[in-house]
Amino acid sequence: MASPRIWLAWRVGVFLAALAPLLFWSWQVANNAAGPEPGRYLLLNIGIGGLWLLLLTLSLTPLTKLTRWKGFALIRRQLGLWTLAYATLHMLSYALFILGLNWALLGSEIVKRPYIIVGMIALIGLAVLGATSNRWAMKRLGKRWKPLHKFSYAILGLVLLHFFWVVRADMQEWAMYAAISALIMSTRLPPIARTLPKLRHRLSRT
């Protein structure tokens, strides 16, 4: 059994790993290494980073069932909150670099780019899940907590739809994320979910 110090080091390592891309992208912008449109560079990279974090968060449950390693469960809330942080920064980047904080433009932007509404709905969903990811909310919601947090699957669908609208000219990258999402979601299907512990047992015997 790992000591508390090892688990603390694991959590700190995950925290630094999630923070590192933001520092790297900021460093590139500060050193004029982010191309001719640094604002769009940040907007796109932070958005993709948020999608990766969402995929990693949703993969933790099947990984825990497959390996029974406590470390995956320990960082589930942390990665979920990082996903929310990235999504919030993505929205703020849009407001700052695309709108120029001119909220009067938002109406016309929504008409031209309806994926903005989809992204906002996903962000609101992530905010609700983030606000209810603590022990107090779990006790307060009781049996309603798990059904509420299954909304994360719908949020993934909204994020993929948002990304689909953004990159319609190049579908290869979107198809990759869609395939990874389908693989992760397939592990939630009861027949596959029941086989994960059996697969772990078989792997442990080899």
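Fully extending the segment from Trp7 to Asp170, taken as 0.36 nm per residue of separation minus the present Cα-Cα distance, adds 54.6 nm. Distance between the pseudo-spin-label points of Trp103 and Arg144 (7 Å out from Cα toward the beta carbon): 2.9 nm. Here the Debye sum runs over all C-alpha atoms of the chain as equal scatterers in vacuum, and log10 of I(q)/I(0) at q = 0.08, 0.13 Å⁻¹ comes out as -0.33, -0.85. Here region 99-152 and region 27-71 have alpha carbon centers that stand 18 Å from each other.
Rounded to the nearest whole Å², what accessible area per residue is found for the chain with the 1.4 Å probe?
Values: 12960 Å² over 206 residues.
Accessible area per residue: 63 Å².
The simple Förster model, with R0 at 22 Å and r as the Cβ-Cβ distance, assigns Ala30 and Leu96 a FRET efficiency of 0.90.
Using only the Cα atoms of region 1-111, build the gyration tensor, take square roots of its eigenvalues as a ≥ b ≥ c, and label the shape rounded, prolate or oblate: rounded if a/c is under 1.5, else prolate if a/b is larger than b/c, else oblate. Mind dumping the intermediate values first?
Details: a/c = 3.27, a/b = 2.00, b/c = 1.63.
Prolate, since a/c reaches 1.5 and a/b exceeds b/c.
A probe of 1.4 angstrom, applied to the heavy atoms of all protein chains, finds Arg11 with accessible area near 110 square angstrom. Share of carbon and sulfur in the accessible area of region 1-143 stands at 70%, probe radius 1.4 Å. Calculate how steeply helix 115-131 sits against the longest principal axis of the alpha-carbon atoms of the chain, using the helix alpha-carbon long axis, and give the answer as 0 to 90 degrees to the nearest 10. Its long axis makes an angle of about 40 degrees.
The values are calculated or read from the model by the stated rules, or taken from the named source; none is laboratory data. Not measured: the values here are computed from a predicted model. Note: ideal-geometry Cβ built from the backbone for every residue, glycine included; neighbour counts use all protein chains shown. The protein model used for the area step is the full one, side chains on, heavy atoms only, and it has no ligands, DNA or RNA in it. Shrake-Rupley method; radii C 1.70, N 1.55, O 1.52, S 1.80 Å.
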